[in-house]
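Coordinate-derived values only; no laboratory data. Being a predicted model, the structure only gives us computed values, none of them experimental. Cβ coordinates were reconstructed from backbone atoms using ideal geometry, including for glycine residues, and neighbour counts include every protein chain displayed.
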Amino acid sequence: MSQANTEKKTEFTPVNVAVVTVSDTRTEETDKSGAYLVECVNAAGHRLLSKQIVKDDTYKLRAMVATLIADDNVQAVLLTGGTGFTYRDNTVTAITPLLDKHIDGFGELFRQLSFAEIGCSTIQSRAFAGLANGTIVFCMPGSPGACRTAWEGIVSKQLDSRHRPCNFVDKLKKIG
């Protein structure tokens with residue numbers, strides 16, 4: 001491999017990210033999970049395109065995420081909330097039909113990492129991820145601790161073009 005190719009592979013490529021908090025009760029002032037993800041996106045050197053809070057309503061959530069997926073500039077959507085088992089947890093129902101490909105390993109690995117922190121309570125997490133229209137969509141539980149587990153253990157690495165042996169950056173839609 002030439003030196004030019006080696007240098008290209010170690011180059012950081014910022015990703016355009018949208019953060020969505022799914023909640024009937026959170027406000028910008030009380031949204032600790034969304035704020036944490038925004039802080040992580042910025043600290044990692046990615047571009048935050050938007051941060052929104054949407055009610056845990058299947059159709060409002062699906063419409064918002066469909067719009068983000070269709071946006072030519074959005075390469076990643078980080079959702080927090082709505083992945084539990086209450087009647088108001090609609091993220092799985094809303095987002096699953098939008099995905100072209102499911103990333104089964106995300107939910108599996110998230111629950112493995114989470115087990116070390118919260119034990120068997122992790123079975124109540126329906127964290128999941130997928131690809132849609134060249135956009136990666138990560139759906140995480142709504143607690144700041146769960147967002148930290150997902151970001152530090154999985155998401156940050158999969159959005160980092162330098163992570164080896166593989167990451168998702170080269171599978172995302174090209175910008176510009």
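Tabulated values for the structure
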item: Segment PHE85-ASP24, extension gain: residue separation times 0.36 nm, minus the distance between their alpha carbons; result: 20.5 nm
item: Cα-based Lys pair tally, the range 9-171, threshold under 15 Å, eight or more apart or on separate chains; result: 5
item: Contour excess over end-to-end distance, with Cα ends at LYS60 and GLU152 and 0.36 nm allotted per residue; result: 30.2 nm
item: CD proxy at 222 nm, helix term only [per DSSP H run n ≥ 4: -39500 (n - 2.57); per residue of the chain; nearest 500]; result: -10000 deg cm²/dmol
item: Likely footprinting exposure, MET64, MET140, fewest C-beta neighbours within 10 Å first; result: MET64, MET140
item: Phi-based couplings in Hz for the range 146-159 (Karplus 6.51, -1.76, 1.60; Gly and Pro marked x); result: 5, 5, 5, 4, 5, 5, 5, x, 9, 4, 4, 6, 6, 9
item: Of all DSSP beta bridges in the range 9-171, antiparallel share, percent nearest 5; result: 30 percent
